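The values are calculated or read from the model by the stated rules, or taken from the named source; none is laboratory data. Source: prediction; values computed, not measured. Here the Cβ positions follow ideal geometry from the backbone for every residue, glycine too, while neighbour counts run over all protein chains shown. With ligands, DNA and RNA removed, areas are computed over all heavy atoms of the protein, side chains included. Shrake-Rupley method; radii C 1.70, N 1.55, O 1.52, S 1.80 Å.
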Amino acid sequence: MKDWATTLAILAVLSASLTLAEDFKTINGKVYKDATISRVEADGIVLRTKAGISKVYFIELPKDVQERFHPSPAKTVAPQREREPIKSKGWAAAMANPTAFIVFLVAGIIIIAGVVFAIVRARLQ
């Protein structure tokens, strides 16, 4: 009795896998015969055929197939919150401001010039 149940279960699984196979035709004319959908990804579907495994992008499929497997972006995309600007601290904040950069540059030049003039004056005396 168990053999009949096992045989029936195996036949049910095999017939289900055969009924899920279908032909897919791209807009370029390429046909994937007896293909089963392995998985649906964000940018396309992965098909398994006798020849192997192929990924077909949604832009390559007709509109009716796209709508069947790829929901509209308005339904799937969660509303994004507005990004806050990254707040710099320390030197990065000072260098991000053009006015502060010029002030630091001028101050650095004045300090270096003062040190050079002090060294030259000390040697001349």
Here the residues within the stretch 22-39 that are surrounded by 14 or more Cβ atoms within 10 Å (Cβ to Cβ) and either hydrophobic (A, V, I, L, M, F, W, C) or not in a strand (DSSP E or B) (or both) are Phe24, Thr26, Ala35, Ile37
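Looking only at the stretch 61-88, filter to residues that are modelled with pLDDT of 75 or more and in a loop (DSSP other than H, G, I, E, B); which one of those is least open to solvent (accessible area, probe 1.4 Å)?
We begin by selecting, within the stretch 61-88, every residue modelled with pLDDT of 75 or more; these are 61-69.
After this cut, where a residue has to be in a loop (DSSP other than H, G, I, E, B) as well, the list is 61-62.
On the way: Leu61: 5, Pro62: 40 Å².
In this case the residue turns out to be Leu61.
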Kindly establish whether Thr99 is at pLDDT below 90, among the polar types (S, T, N, Q) and exposed (fewer than 10 other Cβ atoms within 10 Å of the Cβ). yes
